[in-house]
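Structure, as structure tokens:
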2 protein chains.
Amino acid sequence: MATNIKVGIVGYGNLGRGVEKALKQNPDFELRAIFSRRNPDQVAAAQGVVHISEIEKYKGDIDVLILCGGSATDLPEQGPELSALFNTVDSFDTHAKIPEYFEQVNAAAVKGGNVSVISTGWDPGLFSLNRLLAENVLPEGKEYTFWGKGVSQGHSDAIRRVDGVKNGVQYTIPVDAAVERVRNGENPELSTREKHLRECFVVAHEGADTAKIEAEIKNMPNYFADYDTIVHFISEEELKANHGTMPHGGMVLRSGRTGDNNTQIYEFGLKLDSNPEFTASVLVAYARAVYKLSAKGESGARTVFDIPFGLMSPHSPEELRQRLL
Amino acid sequence: MATNIKVGIVGYGNLGRGVEKALKQNPDFELRAIFSRRNPDQVAAAQGVVHISEIEKYKGDIDVLILCGGSATDLPEQGPELSALFNTVDSFDTHAKIPEYFEQVNAAAVKGGNVSVISTGWDPGLFSLNRLLAENVLPEGKEYTFWGKGVSQGHSDAIRRVDGVKNGVQYTIPVDAAVERVRNGENPELSTREKHLRECFVVAHEGADTAKIEAEIKNMPNYFADYDTIVHFISEEELKANHGTMPHGGMVLRSGRTGDNNTQIYEFGLKLDSNPEFTASVLVAYARAVYKLSAKGESGARTVFDIPFGLMSPHSPEELRQRLL
């Protein structure tokens, strides 16, 4: 525990604040700076906030940058740019663009002599790890991912764009019956509708036509039309009081067969009170692995598939073998 | 998939037979020989069986030996001996002796220039991985392991040693209420009795005093006295018909806290129709990692904590990133 891993946080939204809290639970880390695009005077953080334009001055003083920007516009720029200068870790989560992002970050990191672990968090991240481990040990089988119960930011945004809607929150909910069929080894073919429910809590503007809003939500293509969707109309006060947190979670299951047609069920699940705080905790653990890989002289991009769990621990291999194996 | 990893199986009990079956699900492997201490003519295997005394002749022709002996007496000898000659993988599971075993295998493997992954399987193995990953990402928290529902060989043996008992099988069963308390984030302190039940199916000799047998089982120190134990007396036919398989499984849970006292529940579980076939499947996946590490020129003992999941896969890193991340 004597090491002191000096880190910087890039981006101070929900995820950046989560990393700041997670670092307090990991005494081998030292937070050196929070970098923001906003005017540092207007960012309320316990730690000193530095404008992102100053970041190059911190080269040599920061072991790992923890990138907390969004995957839509922040990381596609910041990832390659900053991995040329620093060791980095991020939670880039646009699944379809991961191969392309990996190549860009890898080229920059190799050139800069840095290590960058991309796409950590829980999905991608811990869920991906479980898909891979499950398929490694059960090559004949079928994999199922269920998300929720949890707040989907994208679907909540979609509700809020509907005419007459003042505010709204959408929960993605796995269908219990479908989960049970998988657990029972039935290997079902499940349609989109059979896997997840969508439950919406909507605040309508005064005088708005709630029947029309409900129909518009339920028939929205891509977001809701393929699902059974429940719409509740509630007051703004009720929304604030009961739907203000960001829980999430889900399950990865694999139903495999071995030998003489024996069913082997593999299940991983998370039930998270705070989605951003958990993602932040995963980022910090992988930042430790980044630090160790860089200290060994490695460079380039890595994913969770390349990182042994021992590297993410502050404890010695001897202690881990004795205590956890 | 073009690689052809040449393997030998050492020991042809339930586990060795499981490995033979698992290899058929993994086309990048080729089984070269099964080594046994028994007279090869008396071992019923599809593959040619070779007496263990001949094993040195296979040096150079086998990439990885998969050790399928028991942890009590076979592996403490075979592990260090064979890792001096071959790359090996095993499922050594005497938790308390793992550090000592690791050192012995490591010394032999380093000397022989081989790679040996010890203590794979599901506990130690996949359960250990989950204990470590969960603690890495949730350093403030409490870990719980539940085993079952499954057959405990040790407890079944203990029943069969009781006077008047002809045969018997014991199931270890997690107490649902305890599991639910953990899942609810209560962080309970659980006694041995609160965590697991023990259910015994016993065949008594004709005329034996079943009340005495039941009392003797329930009061047996270490094995049953600290648990709520249920004893059923059944016929030999019923035992054979309904209790002849080796199911097992269990759960690793971690109940963690992050940030502003948010509860984060991490859960991993297995429900296995065949304990030995699943353990065998894990051995085969780690044999692939052993092969790759040895090809990279590494040597020495490793555990599951040192092996990234990508190394256990027959697929390329590019494909894994695209398909599973």
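For this structure, a couple of remarks:
- Residue check for residue B:287: over 30 Å from residue B:211 (Cα atoms), among the hydrophobic types (A, V, I, L, M, F, W, C), surrounded by fewer than 16 Cβ atoms within 10 Å (Cβ to Cβ) and out of contact with any Asp or Glu (no Cβ under 8 Å at 6 or more places or on another chain): no
- Residues in segment B:16-44 that are open to solvent by 30 Å² or more (accessible area, probe 1.4 Å) and either within 23 Å of residue B:245 (Cβ to Cβ) or β-branched (Val, Ile, Thr) (or both): B:17, B:21, B:24, B:44.
- Residue A:320 being within 13 Å of chain B (Cβ to nearest Cβ), more than 30 Å from residue A:174 (Cβ to Cβ) and open to solvent by 20 Å² or more (accessible area, probe 1.4 Å): no
- Taking each residue of segment B:22-40 that is under 21 Å from residue B:70 (Cβ atoms) and looking for partners that are open to solvent by 10 Å² or more (accessible area, probe 1.4 Å) and among the small types (Gly, Ala, Ser) with beta-carbon atoms closer than 6 Å, six or more apart or interchain, yields B:34/B:45.
- Matching residues, segment B:287-317, being part of a helix (DSSP H, G or I) and either of a type in the set (Gly, Ala, Ser) or more than 9 Å from every other protein chain (Cβ to nearest Cβ) (or both): B:287, B:289, B:290, B:291, B:292, B:293, B:294, B:295, B:310
- Evaluation of residue A:43 against (1) closer than 20 Å to residue A:276 by Cα; (2) in contact (Cβ under 8 Å) with a residue 40 or more places away in the chain (one fails), failing number: (2)
- The helices (runs of 4 or more DSSP H) found entirely in segment A:58-175 that carry 1 or more residues being out of contact with any strand residue (DSSP E or B) (no Cβ under 7 Å at 6 or more places or on another chain), within 14 Å of chain B (Cβ to nearest Cβ) and crowded, with 24+ Cβ neighbours inside 10 Å are A:126-137.
- Lone qualifier among B:230, B:307, B:234, B:265 - being aliphatic (A, V, I, L, M), under 23 Å from residue B:104 (Cα atoms) and touching a strand residue (DSSP E or B) at 6+ places or on another chain (Cβ under 9 Å): B:307
- Segment B:294-305, subset in contact (Cβ under 8 Å) with a residue 60 or more places away in the chain and farther than 25 Å from residue B:135 by Cβ, residue most open to solvent (accessible area, probe 1.4 Å): B:298
- Just one of (1) touching a Phe, Trp or Tyr at 6+ places or on another chain (Cβ under 9 Å); (2) under 25 Å from residue B:133 (Cβ atoms) fails for residue A:144. It is (1).
- For segment B:153-171, residues that are closer than 13 Å to residue B:229 by Cβ and in contact (Cβ under 8 Å) with a residue 40 or more places away in the chain total 5.
- Of all residues in segment A:119-139, none that is at pLDDT below 95 has its Cβ atom under 9 Å from the Cβ atom of a residue that is in a helix (DSSP H, G or I) and open to solvent by 10 Å² or more (accessible area, probe 1.4 Å), 6 or more apart or on another chain.
The values are calculated or read from the model by the stated rules, or taken from the named source; none is laboratory data. Small disclaimer: the values here were computed from a predicted structure and weren't measured. Note that we place each Cβ from the backbone using ideal geometry, even for glycine, and neighbour counts take in every protein chain shown. The protein model used for the area step is the full one, side chains on, heavy atoms only, and it has no ligands, DNA or RNA in it. Shrake-Rupley method; radii C 1.70, N 1.55, O 1.52, S 1.80 Å.
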